[in-house]
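**Student:** Quick one: this structure, given as structure tokens, is what I'll be asking you about.
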């Protein structure tokens, strides 16, 4: 591949962006299938190396040492997002489900053959762990940012979903995913019984 030396003040496109190709939230591994499930997104960043005046920076703005910075679609297409199942040793993708916005929460794989994932619109989805077929979904009312968990109580299995959108990611990535601006805030913790 070689090394690319950016030139001071000249814009360059780098892929993937600093936000990564894989969501930083937890993926899930299933011993049943031997697959690893994770949220992923593909977009790039356009930067120009240069001075960045820290006195002029807004609260919580990252310092990258650049004079210009923006997220942009990949050179060969539009920004994309997905939940994908991989063979962890080979890296082979077994199945994937496309989303219009990146999934920013954690993934849960259960012993019952299900994979749960929340999306940025607030839908929690249950997929078949082998095929990726969607088996169920529920609208929680706000984007899902936290990890979905499962627990047992009183002889029943529960799935607990934290709903409530927020973080710096939507603000940073709204240039490549403009629909982030339409996501409602809110906060709820919703429990489901798995039959």
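Rule-based calculations on the coordinates, nothing more; no lab input. Computed from a prediction, not measured in an experiment: that's the story for all the values here. Virtual Cβ from ideal backbone geometry, glycine too; neighbours counted across all protein chains shown.
**Student:** Mind telling me which of the residues 132, 141, 103 ends up being buried (at least 19 other Cβ atoms within 10 Å of the Cβ) and touching a residue at least 40 places away in the same chain (Cβ under 8 Å)?
**Tutor:** Details: 132 fails: buried (at least 19 other Cβ atoms within 10 Å of the Cβ); 141 fails: buried (at least 19 other Cβ atoms within 10 Å of the Cβ).
Result of the check over 132, 141, 103: 103.
**Student:** Still on this model: Can you name every residue in region 138-175 that is assigned to a strand (DSSP E or B) and more than 20 Å from residue 30 (Cβ to Cβ)? Please lay out each step first, then the result.
**Tutor:** So in region 138-175, the residues assigned to a strand (DSSP E or B) come out as 138-139, 149-153, 156-163.
Answer for region 138-175, where residues must be assigned to a strand (DSSP E or B) and more than 20 Å from residue 30 (Cβ to Cβ): 138, 139, 153, 156, 162, 163.
**Student:** A follow-up question, please. Hey, can you tell me all the residues within region 42-83 that are part of a loop (DSSP other than H, G, I, E, B) and buried (at least 18 other Cβ atoms within 10 Å of the Cβ)? Steps first, answer last, please.
**Tutor:** Of region 42-83, the ones part of a loop (DSSP other than H, G, I, E, B) are 43, 50-53, 57-65, 73-79.
43, 79 - these are the residues of region 42-83 that are part of a loop (DSSP other than H, G, I, E, B) and buried (at least 18 other Cβ atoms within 10 Å of the Cβ).
**Student:** Also: Using the structure shown, decide if residue 35 is in contact (Cβ under 8 Å) with a residue 60 or more places away in the chain and under 30 Å from residue 111 (Cα atoms). Spell out how you get there, then give the answer.
**Tutor:** Working: in contact (Cβ under 8 Å) with a residue 60 or more places away in the chain: yes; under 30 Å from residue 111 (Cα atoms): yes.
The answer is yes for residue 35.
**Student:** May I pose another question? If you take the residues in region 1-35 that are more than 26 Å from residue 77 (Cα to Cα) and not in a loop (DSSP other than H, G, I, E, B), which one is nearest to the chain's Cα centre (by Cα)?
**Tutor:** Restricting to residues being more than 26 Å from residue 77 (Cα to Cα) and not in a loop (DSSP other than H, G, I, E, B), the top hit is 28.
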